[in-house]
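The structure under discussion appears below in the form of C-alpha cells.
Derivation of every value follows stated rules applied to the coordinates shown; laboratory data play no part. Predicted, not measured: the structure shown is a model, and the values here were computed from it. All Cβ positions, even for glycine, are placed from backbone atoms using ideal geometry, and neighbour counts span all protein chains on display.
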Amino acid sequence: MSRLRGTLAGFFQQADLLLLGLCCLATLYGMALIASATRYMDTSGMIRYVGVQGVAMLLGIGAYIFMSMVDIEIVMRKWKWIVGFNVVFIGLLVTPLGVGGSTTGNQAWLKFPGIPFQIGPAEVVKITFTLLLAKQLEWLREEKRDLKSFHSAFLVAGHTLALMGWYVVISGDMGNALTFFFIFLCMSFVAGFALRWFALLLAGGGAAFVAAWVLDLIPPYMMDRFRVLFDHSYDSLGVGWQQSRSLLTIGAGGVLGQGYMNGTQTQSSYPQSLPNRWTDFIFSVCGEELGMIGCLLIILLLSAIIVRVLLVAKNSQTSFQCYVCVGVAAMLIYQTVINIGMCLFVMPTIGVTLPFFSYGGSSILTLYMAMGVVSGIKLRSPDMHRRGQIIGR
C-alpha cells in the first residue's frame with residue numbers, strides 16, 4: 001500500500017496535470033453537448049450515452065495515470081510483439097467480433113462481450129503505430145543512416161503504407177487509414193527527411209488518385225463525397241444531406257447560439273434533421289446552441305492540448321520521445337481539422353470524430369492513453385532536461 005501511495009505521489013508531483021486537466025475539461029464539455037444532442041430521444045437514451053462517455057472518461061483517467069507510469073522506451077524493446085499485435089488486432093475485424101458501421105457499412109469495430117461500447121482497432125493502433133514509427137526513426141538515426149536517402153524514406157513509408165493497406169483491405173475505412181498517413185508525414189518531417197521525398201510522395205499520391213478517378217476505380221459513393229464539396233447542390237437529398245444540414249445548423253446559431261438544449265435542429269425529434277449529431281456532427285450541435293463563441297471554445301481547448309503535447313516534444317530528452325509526442329499531436333490535428341471541415345462542408349464525410357468531444361467510449365479511452373504516454377515522457381524529463389532541444393533537421 002505504501003508503495004502505491006508513493007507511486008501516486010510521484011505522479012501528482014511530476015506528471016502533466018495541466019494536460020490531464022485540459023483533457024477532462026474538453027471531455028466534460030463534450031458530454032454536455034452529447035446530453036443535448038441525445039435529449040430528443042428520451043431520458044433513458046440520453047442517460048445511456050452520457051453514462052457510457054462518463055465511464056469511458058473515468059477509465060481513461062486511470063489509463064492516463066497508468067501510462068504515465070510506464071516507461072515506453074523499455075516497452076519498445078519488444079517492438080516485434082507490437083508489430084504482431086497491430087496485424088492481429090486489425091485482423092480481428094474479419095472474425096465474428098467484427099461489427100460494421102451503421103451508416104457506412106465499414107467493418108471497423110469490434111464488439112467484446114461485457115464491454116458497454118464497441119472498440120475501434122484503429123483507435124488503439126494509432127498509438128502503437130506512433131510508437132513503432134518513432135522507434136524506427138530513432139533506429140535510423142542511431143545507425144547513422146542518411147535520412148535524406150531513398151532507402152530510409154522507403155523503409156518508413158513502406159511501414160506506413162503496409163499498415164494502411166492492411167487496415168483498408170480489412171475494414172474499408174479510409175478516413176482512419178489516412179490518420180496513419182498524416183502521423184507519418186509529421187513525424188518524418190520533424191525527423192529531417194528530405195523535402196523532395198514528401199513532394200514525390202504527394203505528387204505520386206495525387207496522380208494515383210486522378211488516375212483512379214478517371215478509370216472509375218474509386219467506389220461511386222466515395223466519388224460523390226468529393227463531387228458534393230465543389231457543388232453543394234449535387235445530390236443534396238442524398239450524399240450531401242448530412243453536410244447541408246450541418247451547415248444550416250451551424251449558421252442558425254449565429255454568434256451566441258439559440259441556447260443550450262434549445263437548438264431547432266438539435267432538438268428535432270426527426271433523426272435526419274441533423275444526422276449523427278452526437279458523433280460526427282457534435283461541432284454542429286455546439287454551433288447551433290452555443291454559437292460561434294461555443295465553437296471557438298472547442299477550438300481553443302483542442303489547440304491548448306495540442307500545444308501542450310508539442311511543448312513536451314520540444315523539451316524531451318531523446319529523439320524517440322520527441323517523435324512520439326509529435327505523432328500524438330499529429331493525430332489530434334488531423335482529426336480536429338477533418339471533423340470541423342466536415343461540419344463546415346469543406347471536407348468530405350469520412351467518419352472521423354472530434355477528439356474528446358464526439359461520443360465514443362473507445363475513442364475517449366485511447367485518447368487518454370495517448371495523453372498518458374505524453375505525460376510519462378514529461379515525467380521522465382523533470383524541468384525539461386536539456387531544455388529547448390528538439391531532434392530535427
- Task: Could you work out how far apart the two model spin labels at residue 148 and residue 203 are, taking each label as a point 7 Å from the Cα in the direction of the beta carbon, and quote it in nm?
- Result: 1.8
- Inverting the mean 1/r over all pairs of different Cα atoms, compute the Kirkwood radius of the chain and quote it in Å. 22.0
- Which one of 223, 137, 242 is farthest out on the positive end of the charge dipole of the chain, using unit charges on Cβ (Lys, Arg +1; Asp, Glu -1) and the Cα centre as origin? 137
- Query: Going through the DSSP H helices of the chain, which span 20 Å or more along their own axis at the Cα atoms while scoring at least -0.5 as a mean Kyte-Doolittle hydropathy?
  - Reply: 17-38, 43-69, 121-142, 150-171, 174-191, 195-214, 282-314, 319-343, 361-379
- Task: Quick one: grab Rg to one decimal and Dmax as a whole number for region 251-393, Cα atoms only, in Å.
- Result: 17.9, 57
- Note to self: C-alpha centroids of region 45-86 and region 193-234 sit apart, in Å, by 34
- Note on the structure: Checking 256, 354, 28 against a Gaussian network model of the chain (alpha-carbon springs below 10 Å), the top fluctuating residue turns out to be 256
- Which value in nm describes the separation of the simple spin-label points at residue 99 and residue 81, placed 7 Å from the Cα toward the beta carbon? 2.9
- Okay, helix-only estimate at 222 nm for the chain: each DSSP H run of n ≥ 4 adds -39500 (n - 2.57), divide by all residues, round to 500 deg cm²/dmol; what do you get? -22500 deg cm²/dmol
- Item | Whichever lysines have a C-alpha closer than 18 Å to that of residue 78, once near sequence neighbours (fewer than 8 apart) are set aside | 126, 135
- Task: Once you've got the GNM for the chain with C-alpha springs shorter than 10 Å, pick whichever of 108, 153, 134 has the biggest mean-square fluctuation.
- Result: 153
- Query: Reachable aspartates and glutamates from residue 314, Cα under 13 Å, same-chain residues fewer than 8 places away excluded?
  - Reply: 383
- Task: Express the relative contact order of region 124-213 as a whole percentage, based on alpha carbon pairs under 8 Å and six or more residues apart in sequence.
- Result: 31
- Query: Kirkwood Rh, region 74-226, all Cα pairs: how many Å?
  - Reply: 17.1
- Task: Pop the C-beta distance of residue 224 and residue 107 into the FRET formula with R0 = 22 Å and round what comes out to the nearest 0.05.
- Result: 0.55
- Query: What nm distance separates the two modelled labels at residue 28 and residue 216, each placed 7 Å from Cα along Cα→Cβ?
  - Reply: 5.6
- Compare 188, 303, 284 in a GNM of the chain, Cα atoms joined below 10 Å, and give the one with the largest fluctuation. 303
- Taking R0 as 25 Å, what's the FRET efficiency between residue 118 and residue 169 from their Cβ-Cβ distance, rounded to 0.05? 0.75
- Task: Rounded to the nearest 0.05, what FRET efficiency do residue 17 and residue 71 give with R0 = 25 Å and r taken as the Cβ-Cβ distance? Could you check?
- Result: 0.80
- Only Cα pairs under 8 Å and at least 6 apart count here; give the relative contact order of the chain as a rounded whole percent. 28
